[in-house]
Amino acid sequence: MTSRTHDIFAFASLVTVAANYPPTTLNAATLVTSSIGSVIGSLLPDIDQSSNRLWDLLPTGNLVGRIFRKLFLAHRTISHSLLGIYLVSNLLRWLLPGILNPNFLNLEIIFWSIMIGFISHIFLDSFTEEGVPLFFPFKLKIGFPPIPSWRIKTGKGFEKFVIFPGIILYLVWFVANDQRKIFEILKLVVK
C-alpha cells in the first residue's frame, strides 16, 4: 500500500478505536500529538526503506535511511512481524517519556495511537501481493486472501480507486453514525 493509504487507514483506525474505547481525559495537545502519532506509526514499518517519508523529516535523512536500511535484512522483514510489534512497543515505552512531557501529554494515549498506526500498516500490507512475514524470522508470508494473485497490487488502480476512497467513505460514515461518541471525546478537550 502507498503511504497515503496507510496514513488515512491509521487515522480511521484511531478514530474507530477512540470512539469505541473513549479516553477518560484528553487535552488538545494530546489530541493533536496522538493524531500525528498514528500517522507516524503507520509509516514506521517501512522504516526499512530509504524512501520512507519519515527519513525526509530529518536533515540528511535519505542518507541516514540508506545506512539504517542495511540494519534490516530487506523490506518487509522484522518491521512487519509480531516480533517487530513487540520491539516497537517496548522501544516506545522507553522512548516516549524521554522525548515528551508527561505533565502536558497523556503518554498512554500517544503510545496506543502510534501502535494503532503501526498495527494498521501491517494489517493493510497483509492484503497486498507480497503479504507480511508475521512470524519473522520464519520466511512464511501471511496474506489475505490466501492466493497472492487475488491480492492488491500496491499503488495500482484498485488501491487508488477502491481502497483509498473506501477508507474515506468509511470514515465519513463512521463519524456520521457515531457523532455522539466523537463529540463526547471532543468535549473532553474543551473542558
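The values are calculated or read from the model by the stated rules, or taken from the named source; none is laboratory data. These figures come from a predicted structure and were not determined experimentally. For neighbour counting, all protein chains shown are included, and Cβ atoms are generated from backbone atoms with ideal geometry for every residue, glycine included.
Listing for the model above:
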| quantity | calculated |
| --- | --- |
| Residues (farther than 23 Å from ALA176 by Cβ and buried (at least 17 other Cβ atoms within 10 Å of the Cβ)) located in segment 28-38 | THR30, THR33, GLY37 |
| Enumerated helices (runs of 4 or more DSSP H) restricted to segment 79-191, each holding at least 2 residues that are modelled with pLDDT under 95 and among the basic types (Lys, Arg) | 179-190 |
| Residues being under 20 Å from ASP48 (Cβ atoms) and touching a Pro at 6+ places or on another chain (Cβ under 8 Å) - total across segment 131-164 | 5 |
| Exclusive hit being surrounded by fewer than 18 Cβ atoms within 10 Å (Cβ to Cβ) and within 20 Å of ALA28 (Cα to Cα), set PHE123, PHE104, PHE135 | PHE104 |
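Condition check ((1) hydroxyl-bearing (Ser, Thr, Tyr); (2) within 25 Å of PRO102 (Cβ to Cβ); (3) modelled with pLDDT under 95) across all residues:
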| site | (1), (2), (3) |
| --- | --- |
| PHE11 | no, yes, no |
| VAL15 | no, yes, no |
| THR25 | yes, yes, yes |
| THR30 | yes, yes, no |
| SER35 | yes, yes, no |
| SER38 | yes, yes, no |
| LEU44 | no, yes, yes |
| GLN49 | no, no, yes |
